[in-house]
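Every read-out reported here was derived from the displayed coordinates using simple, explicitly stated rules and does not represent laboratory data. The model shown is predicted, which means the values in this text are computed figures rather than measured ones. Note that each Cβ is placed from the backbone with ideal geometry, even for glycine, and that neighbours are counted across all protein chains shown.
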Amino acid sequence: MTEQEKIRIDKWLWAARFFKTRSLAAKAVAGGHVHVNDGRAKPARFVIPGDSLRIRRGEEEYVVTVLALAGKRGPAVEAAKLYLETEASIQARELQKQQRRLGAAADLLAPLGRPNKRNRRLIRNFIRKDER
């Protein structure tokens, strides 16, 4: 294979806009957040079209297939043409998004714990006001 047919994984992740900088992409790969063909990879590992990548970014996980290679970062429209995300991955991310949204709403309704001294005074004053 020539250099045109393969590219470093950290460079590809940066060009495909999964990470904002190439150093963040290299840290993610070194940290085990990126798997190539179901195996851990190092930042210097080369990717070729047809490789399957599992990318974990924060709480989101992407499962993509490499379609094309790019060594330069371009517009988002061009970056989206570099890979194809699986349907299962899209559905899983949508489900996680809904669960996070519902979880955030439930957190707003739940009490934050025991009341502090100021809150206890406010509660006592509120209750006494009703007794009068």
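How far apart, in nanometres, would the label points at Lys42 and Ala68 be if each is projected 7 angstrom from Cα along the Cα-to-Cβ direction? Roughly 3.1 nm, to one decimal. Based on C-alpha pairs under 8 angstrom that are at least 6 apart in sequence, the chain has a relative contact order of 19 percent. Tell me the net charge near Lys97. Cut-off is 10 Å between Cβ atoms, Lys97 excluded, with +1 for each Lys or Arg and -1 for each Asp or Glu. Its environment carries a net charge of 0. Taking the Cα centre of the chain as origin and assigning +1 to Lys and Arg Cβ atoms and -1 to Asp and Glu Cβ atoms, the resulting dipole is close to 1300 debye.
Cβ crowding within 10 Å, taken as a proxy for footprinting-reagent exposure, orders Ile7, Ile55 from fewest neighbours to most as Ile7, Ile55. Put in order of Cβ neighbour count within 10 Å, fewest first, the listed residues Ile90, Ile9 become Ile90, Ile9. Setting aside same-chain residues fewer than 8 positions from Lys42, which lysines have a Cα under 18 Å from its Cα? Cα-Cα hits under 18 Å: Lys6, Lys11, Lys27.
Every helix of 4 or more DSSP H residues in the chain counts as -39500 (n - 2.57), and over all residues that averages to -14000 deg cm²/dmol at 222 nm. Ranked by the mean number of other Cβ atoms within 10 Å per residue, highest first, peptides 64-77, 28-41 order as 28-41, 64-77.
Farthest toward the positive end of the dipole of region 3-111, out of Tyr62, Val47, Asn37, is the Cα of Val47, where the dipole comes from beta carbon charges about the Cα centre. Loop-located GluC sites (Glu not before Pro) in region 29-132 (DSSP state not H, G, I, E or B) with no more than 13 neighbouring Cβ atoms inside 10 Å: Glu59. Normalised by 2.2 N^0.38 Å, where N is the number of residues, the alpha-carbon radius of gyration of region 3-111 equals 1.19. Cβ crowding within 10 Å ranks Arg124, Arg56 as Arg124, Arg56, fewest other Cβ atoms first.
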